Amino acid sequence: PRPDATGTSLLTSPVIDATTIGVNALGAGALAQGTYQYRFAMVDTSGNESTPSDVITRTVAAGGRIEFTNLPSAPTGGDFTSVNIYRTGPGGNEFFLLNNAPLGGSFTDTGTTPLSATALDTTLLNGN
């Protein structure tokens, strides 16, 4: 016999549409000159991540900053509360956790927050 699955539900991981995130490369920051890549993953109340977004790439001059607006909003039927922001170093291709921000909000990468040692893991079903 099969186990009772009453009360069990399966949900799909939301997919972030990176094209809806506003992004501007500006001055008055501390980023080194170069091209930076970013990916975003929603985080639920248990700490699980959604599938990471496609890559967003921006180039800044020395002393620049990158502003993100219209971060992903909470999907219907999920318990996602925030978004993890992953970034590469200038000219890099490995993504590391930079920060966490509220869903639907904004975030500015001024270059003053160092990248963590937490690499983006795209091999797991839930992103990380």
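Solvent-accessible area per residue in the chain equals 56 Å², computed with a 1.4 angstrom probe and all protein chains kept.
Given a 1.4 Å probe and the protein chains as shown, VAL43 ends up with an accessible area of around 20 Å². The label point for THR76 and the one for ASN99, both projected 7 Å from the Cα toward the Cβ, are 3.2 nm apart.
Give the shape of segment 49-128 as rounded, prolate or oblate, defined through the alpha-carbon gyration tensor: a ≥ b ≥ c are the square roots of its eigenvalues, a/c under 1.5 means rounded, and otherwise the shape is prolate if a/b is larger than b/c and oblate if not.
On the way: a/c = 2.13, a/b = 1.37, b/c = 1.56.
Since a/c reaches 1.5 but b/c is at least a/b, the shape of segment 49-128 is classed as oblate.
Note on GLU67 and ASP54: their simple-model spin labels are 2.5 nm apart, each label 7 Å out from Cα toward Cβ. Rounded to 0.05, the FRET efficiency of the THR20 and THR110 pair, given R0 = 22 Å and the Cβ-Cβ distance, is 0.45. Database remark: amide H of PHE95 closer than 5 angstrom to the amide H of LEU120 (H placed geometrically; neighbours at sequence offset of 5 or more, or on other chains; Pro and chain starts carry no H). If you sort LEU26, LEU103 by accessible surface, 1.4 Å probe, largest first, the order is LEU26, LEU103.
Going from most exposed to least, what order do SER46, SER116, SER53 have by accessible area with a 1.4 Å probe? Before the final figure, lay out the partial values.
Details: SER46 90, SER116 45, SER53 0 Å².
So, going from the largest accessible area down, we get SER46, SER116, SER53.
Run the accessible area of segment 56-128 with a 1.4 Å probe and give the carbon-and-sulfur part as a rounded percent.
Details: 1940 of 3710 Å².
On segment 56-128, the fraction of accessible area on carbon and sulfur atoms equals 52 percent.
Karplus-derived 3J(HN,Hα) values for segment 33-44, using 6.51 cos²θ - 1.76 cosθ + 1.60 with θ = phi - 60°, are 4, x, 9, 10, 10, 10, 9, 10, 9, 6, 10, 8 Hz; glycine and proline are entered as x.
The values are calculated or read from the model by the stated rules, or taken from the named source; none is laboratory data. Computed from a predicted structure; not experimentally measured. So basically every Cβ, Gly included, is an ideal-geometry build from the backbone, and we count neighbours across all protein chains shown. Surface accessibility is based on the protein's heavy atoms, side chains included, excluding ligands, DNA and RNA. Shrake-Rupley method; radii C 1.70, N 1.55, O 1.52, S 1.80 Å.
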